[in-house]
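Take a look at the structure below.
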Amino acid sequence: MSAIAGPMGRVVDPARMRRVMGRFATGVAVITALDERGDPHGMTLNSLTSVSLEPPILLVCFSTRARTAVAVAESGRFAVSILAARQEPIALRFAGRGEDHFAGLPLTYGDHDVPVVPDALAHLECTVDRSVTAGDHVVVFGAVERTCDRDGPPLAFLGGRFGDFTGRGHQPQSWFF
Ligand SMILES: Cc1cc2nc3c(=O)[nH]c(=O)nc-3n(C[C@H](O)[C@H](O)[C@H](O)COP(=O)(O)O)c2cc1C
């Protein structure tokens, strides 16, 4: 395994980086795109971040080995499906390496003809704004062109495990930035 030299001469190896970042709880999404032949691709992903509100921009980080990353680069479009708590089987399906993630799955299509995951909590349809290669991943910024969402509990991910989000009953916090 390769390692990255950190401050004070310490080394942050990939296993440590994964373990430490695994302490940051996230939601879970499936990214979908069509390749240049029009075949659908999709993958489970938790590196989803809102970047800008005006204009609306988000980012996702793809392994350079991910087939979906190639489809996104080819088509310049992708969709984000934010998964609901009971969609752990969908998260596992779209994480299987080298498998046909769509086999036997009923498809729903967004405006861009990109398939989306039915019954997700939210869908966002994006065009690629720009891409930046960073180490073994490519960071793709997506200009958000269309969204829809519904209420319901989200699927959470922490420490390599799926889980549920438990609210503390506070009033929703307004944004400070
Ligand atoms: C909870 C979870 C989160 C994941 N997040 C990412 C991610 O942010 N980026 C990434 O490249 N792969 C991520 N993966 C791994 C991909 O889902 C997996 O490599 C997938 O098989 C890639 O499919 P593809 O090659 O068909 O595109 C994640 C997997 C799981 C289970």
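The values are calculated or read from the model by the stated rules, or taken from the named source; none is laboratory data. The shown structure was predicted, so the numbers you read here are calculated from the model rather than taken from an experiment. Every residue, glycine as well, gets a Cβ built from its backbone with ideal geometry; the counts of neighbours run over all protein chains shown. With ligands, DNA and RNA removed, areas are computed over all heavy atoms of the protein, side chains included. Shrake-Rupley method; radii C 1.70, N 1.55, O 1.52, S 1.80 Å.
Cβ-Cβ distances below 6 Å connect the following pairs, each with a first residue in region 19-43 that is over 13 Å from Ala91 (Cα atoms), a second residue that is within 11 Å of the ligand (Cβ to nearest atom) and β-branched (Val, Ile, Thr), and a separation of six or more residues or different chains: Ala33/Thr68; Ala33/Val72; His41/Thr68.
Can you find a residue in region 141-154 that is touching a Leu at 6+ places or on another chain (Cβ under 9 Å), assigned to a strand (DSSP E or B), open to solvent by less than 50 Å² (accessible area, probe 1.4 Å) and aromatic (Phe, Trp, Tyr)? Yes, because at least one residue in region 141-154 is touching a Leu at 6+ places or on another chain (Cβ under 9 Å), assigned to a strand (DSSP E or B), open to solvent by less than 50 Å² (accessible area, probe 1.4 Å) and aromatic (Phe, Trp, Tyr). Reported count of residues in region 117-140, each being assigned to a strand (DSSP E or B), open to solvent by less than 60 Å² (accessible area, probe 1.4 Å) and either among the charged types (D, E, K, R) or touching a helix residue (DSSP H, G or I) at 6+ places or on another chain (Cβ under 7 Å) (or both), is 4. Residues in region 103-138 that are more than 24 Å from Ala84 (Cβ to Cβ) and among the aliphatic types (A, V, I, L, M): Val128, Val132, Ala134, Val138. Taking region 41-69 as the range and being assigned to a strand (DSSP E or B) and either more than 10 Å from the ligand (Cβ to nearest atom) or open to solvent by 60 Å² or more (accessible area, probe 1.4 Å) (or both) as the test, the residues that pass are Thr49, Ser50, Val51, Ser52, Ile57, Leu58, Leu59.
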